[in-house]
Amino acid sequence: MADDFVMMELTREGLATITLNNPDQHNAFNPDLVSDLVDRLEDLRANADTVRALVIRAEGPVFSGLTDFDWLPHIAHYTDDETEEDAEAIADVLSRVRDLPQPAIAVVNGPAAGYGLGLVAACDIVIATSRAQFVFSEIRHGFIPALAAPYVIEAMGMSAARRYMLTGEPFDAAEAHRLGLVDVLVDDMDDAAARLSRFVDLIFAAAPGAIASTKGLIDEVTGLPIDDELIDELVAAHGKNRTGADAAEGIAAFLEKREPNWRG
């Protein structure tokens, strides 16, 4: 629908594309955009058996700005409860992206700030063109980047996060790539489309269940000491996978010299 703040479509079989669609307000988060995102992400989780990957992009020259200025006057009059509900909804969006069973790929072709920058950092893979720019401008307006912070710090490291969050200094796509916030840096959207196609092909060649389990595994083991307790948990996870349907199909396909069913 034309009035949707977030559009979702299947751009090829098994590939969903979410497009932030409020370019007049720089695709900044507002209650309608957040609500639309939640609905789309719920649909994706419910259809994990048929949708294999997600692409997140934006309509217009800005990926996502700091503030929807139509929404800003309302914020000033929020009660404490309304402020908390608003923050919980945005935090829920970022968490849903991070916890999707499908890989989420952001394609950034313009400035990203505020919650939009958190959305980028919550994705599994980030492709950015040379037009992309990033900034934590919250502190200039009296806010803190609390909801995006854990995803951004994980992506670009504490030292870089301190510098850019505390100064509000913009940084370009090349710097974001150097820091790890951006995985692939390309010249333009044609190059981005080619790299995206390659990533999608690789994802579609892998078992969906194994991908979902691996996403969970990465989160579970990150930061933990490699001790006997962790090794016991990994041995159990390995055994559960080896006796599961994906591994059985992978072995059968190899022995029968055919493609596994998830590549069909």
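The values are calculated or read from the model by the stated rules, or taken from the named source; none is laboratory data. Note that the structure is predicted; figures quoted are calculated from it, not measured. Cβ sites come from the backbone with ideal geometry, for glycine too, and all protein chains shown count toward neighbours. Please note that ligands, DNA and RNA were not included when accessible areas were found on the heavy atoms of the full protein model with its side chains. Shrake-Rupley method; radii C 1.70, N 1.55, O 1.52, S 1.80 Å.
For the set Glu9, Glu59, solvent exposure ranked by accessible area (probe 1.4 Å, protein chains only) runs largest to smallest as Glu9, Glu59. With springs connecting C-alpha atoms under 10 Å apart, model the chain as a Gaussian network and identify which of Ala122, Ala104, Ala247 has the largest mean-square fluctuation. Looking only at Ala122, Ala104, Ala247, the largest GNM fluctuation is found for Ala247. Taking Asp228, Asp219, Asp124 in turn, the Gaussian network model of the chain (Cα-Cα springs below 10 Å) assigns the largest fluctuation to Asp228.
Across the stretch 237-247, coupling constants 3J(HN,Hα) worked out from phi with the 6.51/-1.76/1.60 Karplus curve, θ = phi - 60°, read 5, 4, x, 4, 5, 4, 9, x, 5, 5, 5 Hz, and Gly and Pro carry x.
Each Lys and Arg adds +1 at its Cβ and each Asp and Glu adds -1 at its Cβ; summed about the Cα centre, the chain shows a dipole of about 1140 debye.
Taking amide hydrogens as placed 1.01 Å from N in the peptide plane, the amide H of Gln102 sits under 5 Å from that of no residue at least 5 positions away in sequence or on another chain. The string of couplings for the stretch 82-95 from the Karplus curve (6.51, -1.76, 1.60, θ = phi - 60°) is 5, 5, 5, 4, 4, 5, 4, 5, 5, 4, 5, 4, 4, 5 Hz, one whole number per residue in order, with x for Gly and Pro. If R0 is 45 Å, the Cβ-Cβ spacing of Glu220 and Asp191 corresponds to a FRET efficiency of close to 0.85.
With a cut-off of at most 15 other beta carbons within 10 Å, and DSSP calling the residue loop, which trypsin sites (Lys or Arg not before Pro) in the stretch 169-264 qualify? Please list them.
Passing both the DSSP loop test and the Cβ count: Lys257, Arg258.
Among Val221, Val186, Val108, the residue with the largest mean-square fluctuation in a Gaussian network model of the chain, with springs joining Cα atoms closer than 10 Å, is Val221.
Any chance you could run the full-extension gain for Phe204 through Ala89? It's 0.36 nm times the residue separation minus the Cα-Cα distance, nm to one decimal. Don't skip to the end; give the middle numbers.
On the way: separation 115, 0.36 × 115 = 41.40 nm, distance 3.11 nm.
This chain segment gains 38.3 nm when fully extended.
The candidate values are [x] 19.7; [y] 18.1; [z] 19.1; the one derived from this structure for Kirkwood radius over Cα pairs in Å carries the label [x].
For the chain, the solvent-accessible area works out to 53 Å² per residue, with a probe of 1.4 Å and every protein chain left in place.
Rounded to the nearest 10 degrees, the angle from helix 208-221 to the longest Cα principal axis of the chain is 60 degrees.
Go through the stretch 38-128 and name the trypsin sites (Lys or Arg not before Pro) that are in a DSSP coil and have 14 or fewer other Cβ atoms within 10 Å of their Cβ.
none
How many percent of the accessible area of the chain is carbon or sulfur, using a 1.4 Å probe? It would help to have the intermediate numbers written out before the result.
Details: 7680 of 14050 Å².
Carbon plus sulfur share of accessible area: 55 percent.
Exposure check, 1.4 Å probe, all protein chains in place: Phe171 carries approximately 10 Å² of accessible surface. A simple rule links phi to the HN-Hα coupling: the Karplus curve 6.51 cos²θ - 1.76 cosθ + 1.60 with θ = phi - 60°, which for the stretch 175-187 gives 5, 4, 5, 4, 7, x, 5, 9, 8, 10, 9, 10, 6 Hz, with x for Gly and Pro.
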